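**Student:** Structure in structure tokens, see below.
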Amino acid sequence: CALPISVCDKDLSEAWDGTLVARLVDCMTMVLASSKQQKVCFKSLQALQCLLESSSKHTLWQSIFPGIFASLYRHMVGLHRQKSYGLSVSIECQLLSVLTKLFQVTLLPLANRDFDDTQTKSAKALIQQLEMIAKKSQTDSQTKEEEEEAEPSNFVTEMNQRVVAPLSVLLRQEAISPSDKVRLEVLSLSSILLIDTRKCWTSTRMKETS
């Protein structure tokens, strides 16, 4: 299911100004929500993982994050309501793997920034303004990329306000799974959240996730 990353990374992210990836993701989440066949859902999750690995432009994935997370969360809740075990374990593992990759793609590029320190943000903003004045010769495309990178705080704020509560519920449910494979996926996801992207979460929210 893997796509050639060297070929697809730029093409998929920029095709139709990013709407190609968004439409493909919509198709996969619709299949996930409507199909009652576990094998179909599993293939949909695999395809979504391939997209995440093949087009890693974080600003694109941040823009469509809410719909993806909501779909994955609803499906996980649905799995826990079902009586069957079997293949659902494979789906749980794949679903957790997709979540881990989703947080990697959207938050890791922002993880080295301190969003809690107002003075630090002000200083960085001032430095960025001075640099922009000094670099008037840059192309319009370069300037656009800098502006996109300069305002990550809105996404991080939304994550802290809307994602932590359902995410903590999901982690608690999965952490007590009888499957070793599921618990290993929970450890991978927790590592991304609590270690690799720790600076993206407020201290209060980190306690809830922990």
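The values are calculated or read from the model by the stated rules, or taken from the named source; none is laboratory data. Not measured: the values here are computed from a predicted model. Here the Cβ is made from the backbone with ideal geometry for all residues, glycine too, and neighbour counts use every protein chain on show. These area figures cover heavy atoms from the full protein model, side chains too; ligands, DNA and RNA do not enter into them. Shrake-Rupley method; radii C 1.70, N 1.55, O 1.52, S 1.80 Å.
**Student:** Of all residues in the stretch 77-104, how many are open to solvent by less than 30 Å² (accessible area, probe 1.4 Å) and modelled with pLDDT under 85?
**Tutor:** Counting residues in the stretch 77-104 that are open to solvent by less than 30 Å² (accessible area, probe 1.4 Å) and modelled with pLDDT under 85 gives 3.
**Student:** Does Ser122 count as outside any loop (DSSP other than H, G, I, E, B), among the small types (Gly, Ala, Ser) and modelled with pLDDT of 75 or more?
**Tutor:** Answer is no for this residue.
**Student:** I would also like to ask the following. What are the residues in the stretch 143-196 that are more than 18 Å from Ser88 (Cα to Cα), at pLDDT 90 or above and β-branched (Val, Ile, Thr), if any?
**Tutor:** Hits for the stretch 143-196 are Val163, Ile192.
**Student:** Tell me, please, whether a residue that is modelled with pLDDT of 90 or more, among the hydrophobic types (A, V, I, L, M, F, W, C), more than 17 Å from Ala70 (Cβ to Cβ) and over 17 Å from the mean Cα position of the chain (by Cα) can be found in the stretch 8-31.
**Tutor:** no
Results for (1) open to solvent by 10 Å² or more (accessible area, probe 1.4 Å); (2) within 15 Å of Ile91 (Cα to Cα); (3) in a helix (DSSP H, G or I), shown as yes or no for each residue.
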position: Ala33; (1), (2), (3): yes, yes, yes
position: Lys39; (1), (2), (3): yes, yes, yes
position: Lys43; (1), (2), (3): yes, yes, yes
position: Leu48; (1), (2), (3): no, yes, yes
position: Glu53; (1), (2), (3): yes, no, yes
position: Trp61; (1), (2), (3): no, no, yes
position: His75; (1), (2), (3): yes, yes, yes
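**Student:** Mind listing just one residue for me: the one in the stretch 153-187 that is within 20 Å of the chain's Cα centre (by Cα) and basic (Lys, Arg) and, of those, least open to solvent (accessible area, probe 1.4 Å)?
**Tutor:** That would be Arg183.
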